[in-house]
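Okay, so here's the structure we're looking at.
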Amino acid sequence: MPGYSVRSKDVKSFDAVTLKPSDIVIAKGAKYEGPLAFEGKVTALVYAFSSKSEKRSQVEIYRNYEAAIQKLGGKLLSSPYVDGSYGWHVFRIEQPNQAPIAVLLRIPYETRYELTIIEPKAMVQSVQAGQLAKEIADSGFATLYINFDTNQAVLKEDGQAAVKEIAVLLKQQPQLKLSIEGHTDNVGQAADNKKLSQARAEAVLKAVVAQGIDGKRLAAVGRGQEVPVADNRNEAGRAKNRRVELVKS
């Protein structure tokens, strides 16, 4: 907005933002079931007003951002502007073949407002053989978040790094046998998700064998969407459900 400048900026390459109903602008009589949760690259900006500039109202700030986001195809998830509200206005901008961008706007005062942008981005997981060994010893399985492109089963760079650590683990424990189990979220048809999870589990297995591990010590199983560990109703939960588990045989 004219007359304002950025007073602080905080960028996290991967983080989670969860808003309770009490955090969101809600019109009288409106209700929200459960929290709104987002994950990805988070950019948090705080803007402050210059005393030398023309004063702006809270509703003017809101209307300007609402119009700008609508031009990008965005939609309002929270209630429309409520006079005197200190909560977050929540917008979503859809993207082809990607998770939506979330834009959060809070205007506590005419002289200050906050803008948080959450861009979809998969977490790059750094795993080590020792961590995997501990998880398997403690729980009987270890969870990996290996990133695949949508509807694809080709290992990417971070997946190859995880495979190397799986191979190290198996070399350190020559008696260990593992079932490599693929899981998906519930987007799409259940049969397609099961087929996809099987293909991804097999891709991991083949890559581990290529590291010199006897394939007889491994099995590949596709679980599809059958065993969720989080709520599939929001992107944060779906991201947790898209996983590979190493289960001790």
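Given the DSSP H assignment, sum -39500 (n - 2.57) over each helix run of at least 4 residues in the chain and divide by its residue total; what's the result at 222 nm in deg cm²/dmol, nearest 500? Kindly include the intermediate steps, with their values, before the conclusion.
On the way: 5 runs with 68 residues, N = 249.
So the helix-based figure for the chain works out to -8500 deg cm²/dmol.
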With the full set of protein chains in place, find how many percent of the accessible area of the chain is carbon and sulfur; take the probe as 1.4 Å. 49 percent
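By the gyration tensor of its Cα atoms, with a ≥ b ≥ c the square roots of the eigenvalues, what is the shape of segment 126-197: rounded for a/c under 1.5, prolate for a/b over b/c, or oblate?
prolate
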On average, how much accessible surface per residue is there in the chain, in Å², for a 1.4 Å probe, leaving out ligands, DNA and RNA? 55 Å²
Sequence-distant or interchain residues sharing an amide H contact under 5 Å with S78, placed H: which? V90
Leaving ligands, DNA and RNA out of it, rank T150, T143 by accessible area with a 1.4 Å probe, largest first. T150, T143
Can you sort K31, K177, K206 by 1.4 Å-probe accessible area, starting with the largest? K31, K206, K177
For the chain, which longest stretch is free of loop sites, where a loop site is one of the GluC sites (Glu not before Pro) that DSSP puts outside H, G, I, E and B and that has at most 14 other Cβ atoms within 10 Å? 111-225
Can you work out the Karplus-derived ³J(HN,Hα) for every residue in segment 6-13? Use 6.51 cos²θ - 1.76 cosθ + 1.60 with θ = phi - 60°, whole Hz, and x for glycine or proline. 6, 9, 8, 9, 10, 10, 10, 5
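What does the C-alpha gyration tensor say about the overall shape of segment 1-74? Classify as rounded when a/c is under 1.5, otherwise prolate if a/b is larger than b/c, or oblate.
oblate
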At 1.4 Å probe size, what's the solvent-accessible area of K164? Round to the nearest 10 Å². 110 Å²
Note down the relative contact order for segment 93-249 as a percent, whole number, built from C-alpha pairs under 8 angstrom at least six residues apart. 25 percent
Please say if the chain is rounded, prolate or oblate, where rounded means a/c under 1.5 for a ≥ b ≥ c the square roots of the C-alpha gyration tensor eigenvalues, and otherwise the choice is prolate for a/b larger than b/c and oblate otherwise? prolate
Mind jotting down the distance between the C-alpha centroids of segment 155-189 and segment 35-114, whole Å? 40 Å
Links exceeding 26 Å between C-alpha atoms in this model, out of K12/K194; K194/K216; K134/K206; K171/K206; K20/K195, come to K12/K194; K20/K195
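The values are calculated or read from the model by the stated rules, or taken from the named source; none is laboratory data. Since we're looking at a predicted model, the values are computed, not measured. Every residue, glycine as well, gets a Cβ built from its backbone with ideal geometry; the counts of neighbours run over all protein chains shown. What goes into the accessible areas is simple: the full protein's heavy atoms, side chains included, and nothing from ligands, DNA or RNA. Shrake-Rupley method; radii C 1.70, N 1.55, O 1.52, S 1.80 Å.
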